[in-house]
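The next block holds one structure in the form of structure tokens; read it before the comments.
The values are calculated or read from the model by the stated rules, or taken from the named source; none is laboratory data. These numbers were taken from a predicted model, which means no experiment stands behind them. Ideal geometry is used to build each Cβ from the backbone, glycine not excepted, and the neighbour counts take in all protein chains shown.
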Amino acid sequence: MVEDDVEQRDLLELWVTSGKHTVESFGTAAALTQALAVGRFDVLILDWLLPDGTGADVLQWTRHHLGWALPVIVVTAREDEATVVSALKAGADDYVVKPAKPMELLARIEAVVRRVQPAGIPVLRVGAYEIDIAQHRLFVDRLPVAMTQKEFDLSVYFFQNPGKLFSRDHLLDKIWGLNADIDTRTVDTHVSRLRKKLRLGTATGWTLSSVHGYGYRFDRTDNTAES
């Protein structure tokens, strides 16, 4: 959640936590985008007017870097039609005018989560690995692995596309987004981390091999069965 008014932020935090949610709050757009770049969140609650930018700026950054998987609810005192339309066109999933009502806000949070995380999303099990796509959790030999959002997304993409050769540019566009302001060395860094975190090798039955000057391929090293 990003809200620059401390009293409003404390009140919204109280309401959200009363619904058995965990909330992390920020007072500026810059602090929020820094957190979004490295962490994983299920919902973004966004004030429209911020000290260092607007809700439109945050929405543009979010959709450009994270795509449409993260639902965004704008909570603001602005109730004019032009602002509501601007927010929805910029990528907001819902719009709530202050003063918000606690039960209604909680219901709206649950509604947007249902839309982006519908029931029935499978758990991917491959040998020693278990990947809960809906909950963004990955286990190796039933032990949880601590991962950043991008590490998790890259892992899922590899497991869903075994044996395929991907260029660094393709992986950069697919995981970080088109025109991401980073270079392909970021892919190399993440691959290096995944090899360690996923304990890739003979013991787990998978390897992540590099193709010189091109990219990476995720392959089985044994006859591990998928379920």
How many residues, within the range 167-181, are within 18 Å of the chain's Cα centre (by Cα) and at pLDDT 90 or above? 1
Under 6 Å between Cβ atoms, which residue pairs at least 6 apart in sequence (or on different chains) link something in the range 54-71 that is free of Cβ contacts under 8 Å to residues at least 40 places away in the same chain with a partner that is of a type in the set (D, E) and outside any helix (DSSP H, G or I)? none
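Kindly indicate which of V140, V113, V145, V123 is touching a residue at least 60 places away in the same chain (Cβ under 8 Å) and within 30 Å of G201 (Cα to Cα). Can you show your working first?
Numbers: V113 fails: within 30 Å of G201 (Cα to Cα); V145 fails: touching a residue at least 60 places away in the same chain (Cβ under 8 Å); V123 fails: touching a residue at least 60 places away in the same chain (Cβ under 8 Å).
From the options V140, V113, V145, V123, the qualifying one is V140.
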May I ask you to list the residues in the range 197-222 that are farther than 17 Å from K164 by Cα, out of contact with any Gly (no Cβ under 8 Å at 6 or more places or on another chain) and among the β-branched types (V, I, T)? T202
Quick one: in the range 1-51, which of the residues that are over 25 Å from G67 (Cα atoms) and aliphatic (A, V, I, L, M) is surrounded by the most Cβ atoms within 10 Å (Cβ to Cβ)? L12
Scanning for something in contact (Cβ under 8 Å) with a residue 40 or more places away in the chain, within 22 Å of L66 (Cα to Cα) and in contact with a helix residue (DSSP H, G or I) (Cβ under 6 Å, 6 or more places away or on another chain), does the range 199-213 turn up at least one residue? no
Restricting the search to the range 80-97, which residues are modelled with pLDDT under 90 and of a type in the set (D, E, K, R)? K89
Test: V74 is without any contact (Cβ under 8 Å) to a residue 40 or more places away in the chain, surrounded by 13 or more Cβ atoms within 10 Å (Cβ to Cβ) and either more than 27 Å from A134 (Cβ to Cβ) or not assigned by TED's automatic domain parsing to the domain that holds D153 (or both): yes
